[in-house]
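Okay, structure first, notes after.
The values are calculated or read from the model by the stated rules, or taken from the named source; none is laboratory data. This structure is a prediction, so every number in the text was calculated from the model and none was measured. Ideal geometry is used to build each Cβ from the backbone, glycine not excepted, and the neighbour counts take in all protein chains shown. These accessible areas exclude ligands, DNA and RNA; they are computed on the full protein's heavy atoms, side chains included. Shrake-Rupley method; radii C 1.70, N 1.55, O 1.52, S 1.80 Å.
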Amino acid sequence: MKIKKRWLVSFVIICIVSISSLFWENKNQLQAHFLTSEAINYADVAWLLTSSSFVLLMTPGLSFFYGGMVGKKNVISTMLQSFISLGVVSLLWVVVGFSLSFGESLGFEIAGKHYGIIGNPFDFMFFDNVGSLPHQQLASTIPFVLFALFQMKFAVITPAIITGSFAERVRFIGYLFFICLFTLFIYTPLCHMVWHPNGLLGSYFGVKDFAGGTVVHMSAGFAALAGVLVLGKRKNNEHIPTNIPFVLLGTGMLWFGWFGFNAGSALAANGTAAMAFATTTVASASAMLTWIFFDRINGRKASAMGACIGAVVGLVAITPAAGFISIPKSIFFGFLAAIVSNRMLYWNKLKAIDDTLDVFACHGVGGIMGMILTAIFAEGENASLLHGGWSVFGHHMMALVLVALFAFFGSLVLYKVTNWFIPLRVSEDSERIGLDLSQHNEKF
């Protein structure tokens, strides 16, 4: 069998990374930024270890969620596209991704204060300076390596979310190349700008994103929309889910893992984590019921698929606000997000572009709704419209537009670059026989 150059290059890259790691020396040049081991809170450590495991489980959960929705010829391919992110992004995160996200801010000054758009790639390369001591600014009660691993799971699931939009028509090697580019050039700058103490969006615009509504869901949603436009529609875009029980299983795994996603983002075993835990499940419950009832009054059956999609939309919408609002308000978050996302999912113009699993309608729109509602209701001084005035809300809306433009057009460029090196779309014959056989020689 003839080995194509793109696979040979991929193998050479993993060889270089593996051999380089063998000879990499930890320089320990940033010790002034770390506390002593006495600052470690062991309850926080236990909770973050648990939360990290929860968030990791979300990616296999997403693979079941998506895998059950596609046609029988593409189940394995769709599930693998999510699952493989655990390998690709995890290594990329260790080598340079974490450093780009949380390294020393590189950016510019506004009114004499420095604001970052990306982290120094050399600060934590190969997890250099990432050890068992707490970091003064980023994680003051847990080992820094635990913070890095917790954040890794967020980076892993973000490109996996995108896959549902172009399911059943993307070339596997092209997808691998794209998620590397997306992680480096879209995810890490957004992560730095929102969650680093000196990040532009968090520090200057005052953006509130407790657990990733902006960083994860909006970025994935707009990248999904760009991907659909670049790859085009499927030859046969009839949507017949193969395995609804897979969808139910995946939803359960996602809901379970989301407690680590949201409550873990408190970075401590405290009252904020408990409130985030509560608002997460209440918003999802509200969205699930709203979706079912809204479907029914619009002449559609109350379906398992609808219940699952509604639950996930509620989880998405509450994510940026999970630790910033009260439990009663989380009911409204789930309710409103479900109605808006439902309307978008059945919007003819969005259907026409063939977003296979409605990623933009669920994650993109859910993330937007979460950000808008957070900007209105988040509690705390100068945190939202109700607790700071129109200026605070206006800054959030400016940031929303900037994030949307950056994620959409940035991803559009990355798709074009990927397609220039490796054609992203499979051939008509490969699409006809299904990606399970044509890409992986496996059958469901």
TODO: State yes or no: is ALA43 farther than 16 Å from TYR175 by Cβ and either touching a Ser or Thr at 6+ places or on another chain (Cβ under 7 Å) or touching a residue at least 40 places away in the same chain (Cβ under 8 Å) (or both)?
DONE: yes
Task: Matching entry among PHE102, PHE126, PHE178 (being farther than 25 Å from HIS395 by Cβ, crowded, with 24+ Cβ neighbours inside 10 Å and in contact (Cβ under 8 Å) with a residue 40 or more places away in the chain) - done: PHE178
Open item on the list: Could you check region 17-32 and list, in sequence order, the residues that are over 28 Å from the mean Cα position of the chain (by Cα) and either over 25 Å from VAL88 (Cβ atoms) or assigned to a helix (DSSP H, G or I) (or both)?
Closed with: ILE19, SER20, LEU22, PHE23, GLU25, LYS27, ASN28, GLN29, LEU30, GLN31, ALA32
- [ ] Pull up region 181-219, narrow it to residues that are open to solvent by 10 Å² or more (accessible area, probe 1.4 Å) and of a type in the set (Phe, Trp, Tyr), then point me to the one that is nearest to SER77 (Cα to Cα).
- [x] PHE185
TODO: Check HIS363, HIS396 and return the single one that is assigned to a helix (DSSP H, G or I) and closer than 24 Å to TYR66 by Cβ.
DONE: HIS363
- [ ] Considering (1) surrounded by fewer than 21 Cβ atoms within 10 Å (Cβ to Cβ); (2) in contact (Cβ under 8 Å) with a residue 60 or more places away in the chain, say which one VAL70 fails and leave the rest.
- [x] (1)
- [ ] Any chance you could count how many residues in region 338-357 are acidic (Asp, Glu) and surrounded by fewer than 24 Cβ atoms within 10 Å (Cβ to Cβ)?
- [x] 1
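State whether the residues of region 348-357 include one that is farther than 25 Å from ASN237 by Cα, in a helix (DSSP H, G or I) and not aliphatic (A, V, I, L, M). Spell out the reasoning first.
Within region 348-357, the first condition is being farther than 25 Å from ASN237 by Cα, and the residues that meet it are none.
Looking for residues that are farther than 25 Å from ASN237 by Cα, in a helix (DSSP H, G or I) and not aliphatic (A, V, I, L, M), one finds none in region 348-357, hence no.
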Open item on the list: Can you tell me which condition ALA111 does not meet? The list is (1) of a type outside the set (Ser, Thr, Tyr); (2) under 25 Å from ILE40 (Cβ atoms); (3) free of Cβ contacts under 8 Å to residues at least 12 places away in the same chain, and all the others hold.
Closed with: (2)
Task: Residue in region 14-29 that is modelled with pLDDT of 90 or more, among the hydrophobic types (A, V, I, L, M, F, W, C) and surrounded by 11 or more Cβ atoms within 10 Å (Cβ to Cβ) present - done: yes
Task: Sole exception among (1) in a helix (DSSP H, G or I); (2) of a type outside the set (Phe, Trp, Tyr); (3) open to solvent by 10 Å² or more (accessible area, probe 1.4 Å) for GLY306, by number - done: (3)
Task: Candidate set from region 1-13 (those that are surrounded by 12 or more Cβ atoms within 10 Å (Cβ to Cβ) and in contact (Cβ under 8 Å) with a residue 24 or more places away in the chain); member that is nearest to the chain's Cα centre (by Cα) - done: SER10
Open item on the list: Looking only at region 85-133, filter to residues that are among the acidic types (Asp, Glu) and assigned to a loop (DSSP other than H, G, I, E, B); which one of those is farthest from ILE16 (Cα to Cα)?
Closed with: GLU104
- [ ] Restricting attention to region 401-436, report how many residues are open to solvent by 60 Å² or more (accessible area, probe 1.4 Å), among the charged types (D, E, K, R) and either under 11 Å from ILE186 (Cα atoms) or touching a residue at least 40 places away in the same chain (Cβ under 8 Å) (or both).
- [x] 3
